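S.K.: The structure's right below; bear with me while I get my questions together.
The values are calculated or read from the model by the stated rules, or taken from the named source; none is laboratory data. Not measured: the values here are computed from a predicted model. In this analysis, Cβ positions are derived from the backbone assuming ideal geometry, glycine residues included, and neighbour counts consider all displayed protein chains.
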């Protein structure tokens, strides 16, 4: 029983940091608007942290963006209008899931291209290694063989 209680407490504290990122003073009075704000915030990248959404980040800029999202929603903007407004100010980089378009092709296909290049390089390397192992030295002539025998016996001059 004690182990379960400790595990539950540890899980509770592990979940607290992201939950504490949104300051209670930021929360909107309207639960529907707040739910929309949280949903939008989970899709926007903190440009300071770069690996967290603004909903999870406690950076000052993330807080400012959360407040901006709530302001725009309170003003009557749709979710798309809010996201478009933030993207117009910070670019597609602010989206955790960037759109598929020409300007973001490198984001979508860059990792695949690097993986393909790595596979090609590995294939070429191992192929070269196999060739080097299978190539044999040219055969010795009779004169070279006799000289080698003499050197190995210690009779060489």
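S.K.: Please state which one of 117, 112, 152 is exposed (fewer than 10 other Cβ atoms within 10 Å of the Cβ) and within 30 Å of residue 92 (Cβ to Cβ).
M.R.: 112
S.K.: Could you check, for segment 64-74, whether at least one of its residues is over 17 Å from residue 47 (Cβ atoms), without any contact (Cβ under 8 Å) to a residue 24 or more places away in the chain and loosely packed, with under 10 Cβ neighbours inside 10 Å?
M.R.: For segment 64-74, residues over 17 Å from residue 47 (Cβ atoms), without any contact (Cβ under 8 Å) to a residue 24 or more places away in the chain and loosely packed, with under 10 Cβ neighbours inside 10 Å: absent.
S.K.: Scanning segment 76-99 for residues that are without any contact (Cβ under 8 Å) to a residue 12 or more places away in the chain and within 12 Å of residue 65 (Cβ to Cβ), which turns out surrounded by the fewest Cβ atoms within 10 Å (Cβ to Cβ)?
M.R.: Initial filter on segment 76-99 (without any contact (Cβ under 8 Å) to a residue 12 or more places away in the chain): 76-78, 80-81, 84, 87-89, 91, 98-99.
With within 12 Å of residue 65 (Cβ to Cβ) added as a condition, the list becomes 87, 89.
Working: 87: 16, 89: 10.
For segment 76-99, the residue satisfying everything is 89.
S.K.: Would you be able to tell me the number of residues in segment 27-37 that are in contact with a helix residue (DSSP H, G or I) (Cβ under 9 Å, 6 or more places away or on another chain) and in a helix (DSSP H, G or I)?
M.R.: Of the residues in that region, 4 qualify.
S.K.: Further question on the same structure: Among 78, 53, 74, 88, which is the only one that is assigned by TED's automatic domain parsing to the domain that holds residue 43 and in contact with a strand residue (DSSP E or B) (Cβ under 8 Å, 6 or more places away or on another chain)?
M.R.: Exactly one of 78, 53, 74, 88 is assigned by TED's automatic domain parsing to the domain that holds residue 43 and in contact with a strand residue (DSSP E or B) (Cβ under 8 Å, 6 or more places away or on another chain), namely 53.
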